Amino acid sequence: MSLKGLCNKKLLCMFLAVFLSALLFSGCDKGDEGKADNKDKDEKKEEISHDISFDDEGELEIDGEEFFGCWEYQNSERWLYVYPDATYEWYNEDGLEYGGTYSMEEDNLYLVDDDLRFEVRDGGIVDENNELMFASSLPDQMKEPLGQEVDVFCGTWACESGDMWVEFFEYGEYHTYWNDGFQATGTFTIEDGVLVTRGGARYEYDSEADQLSEDGQFFYRSEIPDDIRNYDWNNE
């Protein structure tokens, strides 16, 4: 083979090597780009679904515990009951008005069927019209005792941490108080001797120690301090 033929052959080999290298790097870039796209999609999915999840039994869970329970308007006799299963009910003096579903929008509760939003403020929840609702309970005529099984749970209990009190009533409602002034209301049932709140907390009674236990915490019979039950928000 002539010298000129050898040179041409070397040039051809060098060209092919450069071309294949370019293809290889291009494929890597596309792979990285694909990974980045998948990462972005995962982040978007997480952002969309961060307020809504499902428990082990497939039940819908909403991140918004501070809104759960019963609330009463400060300037009218109307009650809102917010449940952990993304539903709510409105009550007036005559009883149940209607119900609907809600969702969480960042830190706000959005009543879908009413197109109304609430935020936690001023010791309660405040709607878009700046109307305050405080933690309350339904009128007595709407309440029915659960039976003798509830008797051992009735009364006020203080958490061993010293910053929380819970008060259980015979008609299946409870009030929770925190030392920062925040209060909440909820409902419960009795299942095989265990008090189960609608939010999923399970309180077991120890008859020997006369105490309750819930998720590793112990509660003892107590009284709610007056400054906690009647928290003065004007001092905030």
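In whole percent, how big is the carbon plus sulfur part of the accessible area of the range 80-236, probe 1.4 Å, protein atoms only? Don't skip to the end; give the middle numbers.
Numbers: 3340 of 8420 Å².
Accessible surface attributable to carbon and sulfur in the range 80-236 totals 40 percent.
Keeping all protein chains in place, calculate the accessible area per residue for the range 150-219 (probe 1.4 angstrom), answer in Å².
45 Å²
Starting with the highest mean, order 75-82, 126-133 by the number of other Cβ atoms within 10 Å, averaged over the residues of each peptide.
Those peptides, ordered most packed to least, come out 75-82, 126-133.
In terms of solvent-accessible area of protein heavy atoms at a 1.4 angstrom probe, what is the ranking of Leu138, Leu146, Leu111, highest value first? List each step's numbers first, then the result.
Numbers: Leu138 20, Leu146 85, Leu111 0 Å².
Largest to smallest exposure gives the sequence Leu146, Leu138, Leu111.
Using a simple charge model, +1 on the beta-carbon of Lys and Arg, -1 on the beta-carbon of Asp and Glu, nothing else, what dipole does the range 100-185 show about its Cα centre, in debye to the nearest 20? Mind showing how you got there, number by number?
Values: 3 positive and 21 negative charges, 46 e Å.
In total the dipole reaches around 220 debye.
Using bins 10 angstrom wide from zero, how does P(r) for the range 182-225 break down, in % of all Cα pairs?
Distribution as computed: 24, 54, 22, 1 percent.
The values are calculated or read from the model by the stated rules, or taken from the named source; none is laboratory data. None of the values given here were measured: they were computed from a predicted structure. Note that each Cβ is placed from the backbone with ideal geometry, even for glycine, and that neighbours are counted across all protein chains shown. All accessible areas refer to the heavy atoms of the entire protein, side chains included, with ligands and DNA or RNA removed. Shrake-Rupley method; radii C 1.70, N 1.55, O 1.52, S 1.80 Å.
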